[in-house]
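Step one of this worksheet: look at the structure below.
Just so you know, all these numbers are worked out from the coordinates, no wet-lab data involved. Everything numeric in this text was worked out from a predicted model, so none of it was measured. Methodologically, a virtual Cβ is constructed for each residue, glycine included, from the backbone with ideal geometry; neighbour enumeration extends over all protein chains shown.
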DNA sequence: TAGATACTTGACTATTTTAGTCAGGTTTAT
DNA sequence: ATAAACCTGACTAAAATAGTCAAGTATCTA
């Protein structure tokens, strides 16, 4: 089980952006340089973040991106959701109306994975972008 | 982020095995049939579980596998560890003595992923095989 | 002691996912 | 006008996953 780069990058980029928010829009180019993430990849990611209304874009020279809500109101859940990073532990064939692995009932461990998903999602729902930025306020880059 | 089948199968198979433990060895063939997991794949998985001394094998007719410890003492951590299912959230280049993404310092979100790893691992360390079986004692298959 | 059952090991492979790249736009501040 | 910056969709190399396949070895039971 691992977190994918897309999710990590999304959070990293937004944390970067949050530090400059309310001052001026932040260009992807700057985020790319500071965080070491490919510009093209960032554009893909921000396209999704914009569609989910987590950020707003400002076009033209001196443009960039701005948070669409207060950092405190943006939970990690929202970010992961936007970039299709999902916590997925069971793959039951839902179409077949059967349980796990094509068997008639839920597999022995079905409840376990449900619990695990909840456990992880709770973590993401508690953490906001604001928490991250505050945690790093002593650092510059 | 998702849990891989290998880890899920390992836990499912061991939960199945735990129900019959102390009665007789359980053959992989039976587990395969009951849990709908390929026999060949199970063999790969159990080879790893045996090396980590989570199970013992009993050869010959009526042979199979037996737990090597009490179900209460087998934590999910041990199982995931045995089959190389790891919770991995950051990929910092450790060899380069640099921080994340080749930058000089830890990335903005580094601490976050550490916390997340701990959060997930705590879950796995608390749950034992015994918890699983008890949770399902009302069910037959 | 024959033969079936069941474990054991290692190599191989198709599929899927990931982590991007690339090309060609459009918008807007200056 | 033009450069900076956003925007979009198609494409792809590499890695991981989820197995399969083949060829054993050990041991119980009849």
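A compact table of results
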item	result
Other copies of residue B:57: label-to-label distances in nm, shortest first, labels 7 Å along the beta-carbon direction	5.8
Shielding by partners, peptide B:119-131 (average Cβ within 10 angstrom, other chains)	2
Residue exposure sequence - B:109, A:77 - by fewest surrounding Cβ within 10 Å	A:77, B:109
Calculated label separations, residue B:111, copies of the chain, 7 Å along the beta-carbon direction, nm	3.8
Relative contact order for segment B:5-135, counting Cα pairs under 8 Å that sit 6 or more residues apart, in percent	27
Reference-scaled alpha-carbon Rg (2.2 N^0.38 Å with N residues) for segment A:30-88	1.17
Inter-copy label distances at residue A:72 (7 Å, Cα→Cβ; nm, one decimal)	4.7
Span from the segment A:1-36 Cα centroid across to the segment B:16-71 one, whole angstrom	47
Kirkwood-type radius of segment B:5-135, with distances r between different C-alpha atoms, in Å	16.4
